[in-house]
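A quick write-up on the structure given underneath.
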Amino acid sequence: MRDSRFESIYAEMSGRELAHLIIDSFLSDGPKMSGAEKQRIMNAIDPNDGPEFNRVIDDFGHLWGVLQTLSAVANSLHLQLLERDRVVWFLEGMARLSEAASLELSNNVAATPSLHMRCPLATVRIGEPPSKPSKTDFHPAMQIDSEAVDALDLMIGSIRDLAVDAKAAAEYVTTGARQLGLRALETRLSEVIDPIIEFDRPLQDEIFQLIENGNAPEDIQRPLFPLGRRWALIWEDVEEDSGLVESIDRDPENWVPTHG
């Protein structure tokens with residue numbers, strides 16, 4: 001009785017709607033549709049609705065394949081951001097050491113007035129007030145080696161290049177998902193790309209603005225060490241390559257990122 005009731009319901013649905021049933025089950029985090037249930041759907045498809053059903057299933061297959069490649073790109077981006085942060089965290093640690101040591105010296109009248117401490121990637125000037133603001137994102141009492149600056153510039157350049165691929169793929173999946181009316185696919189896309197978009201947010205200047213607007217500093221969710229714009233991945237500033245989106249659309253099954 002149950003089977004016949006569902007078969008009669010399926011018979012009233014369009015090819016697009018039937019395709020959505022199968023796709024939504026595939027994307028669901030809950031129980032999946034059984035093979036027998038899928039077969040009942042297939043049996044219920046009107047021959048006139050067959051082409052539409054096949055088109056939706058095929059289009060979803062292309063979108064899903066690109067999303068899987070995008071997931072690998074996002075993983076690579078995450079690893080590269082962590083590699084950049086290894087340098088950032090070290091320099092930030094040296095900056096905090098400079099602040100702490102300078103404070104200790106200022107409280108000890110018998111201490112040496114100033115001290116230059118050479119460490120990997122930077123020279124820390126302890127107890128010496130900076131004569132002008134730093135051109136870097138770190139404490140102005142630090143003189144960062146050009147090698148460290150070049151390394152960070154190279155790292156963020158590579159990250160931004162790969163992000164162009166990620167942004168193009170995300171646009172392709174978003175457009176296709178909306179054309180097919182697949183909100184669940186948009187949700188899966190957000191799960192893949194949002195951690196990358198939000199990795200460096202809020203930036204230093206955004207945190208200052210939030211505090212000026214009355215937000216309590218302890219209530220602001222922030223990266224471990226907030227960055228300025230020079231070495232941060234700012235998603236809205238990533239190049240939008242329409243030609244790359246078109247190339248993915250022409251041959252989604254064989255799309256390979258151009259960077260990385």
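The values are calculated or read from the model by the stated rules, or taken from the named source; none is laboratory data. Keep in mind that this is a model prediction, so the values were computed, not measured. All Cβ positions, glycine included, derive from the backbone under ideal geometry; neighbour counts span all protein chains shown.
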Original post:
Going by the conditions given, is Gly65 of a type outside the set (A, V, I, L, M), outside the structural domain of Leu18 (by TED's automatic domain parsing) and either on the phi > 0 side of the Ramachandran plot or without any contact (Cβ under 8 Å) to a residue 24 or more places away in the chain (or both)?
Top reply: no
**OP:** Return yes or no: is Asp29 in a loop (DSSP other than H, G, I, E, B) and either surrounded by 14 or more Cβ atoms within 10 Å (Cβ to Cβ) or not hydroxyl-bearing (Ser, Thr, Tyr) (or both)?
**Re:** yes
Subject >> Residues of the stretch 162-200 that turn out to be closer than 13 Å to Ala74 by Cα, out of contact with any His (no Cβ under 9 Å at 6 or more places or on another chain) and acidic (Asp, Glu), as a count >> reply: 3
Subject >> Unmet criterion (only one of (1) modelled with pLDDT under 80; (2) closer than 30 Å to Asp161 by Cα) for Glu104 >> reply: (2)
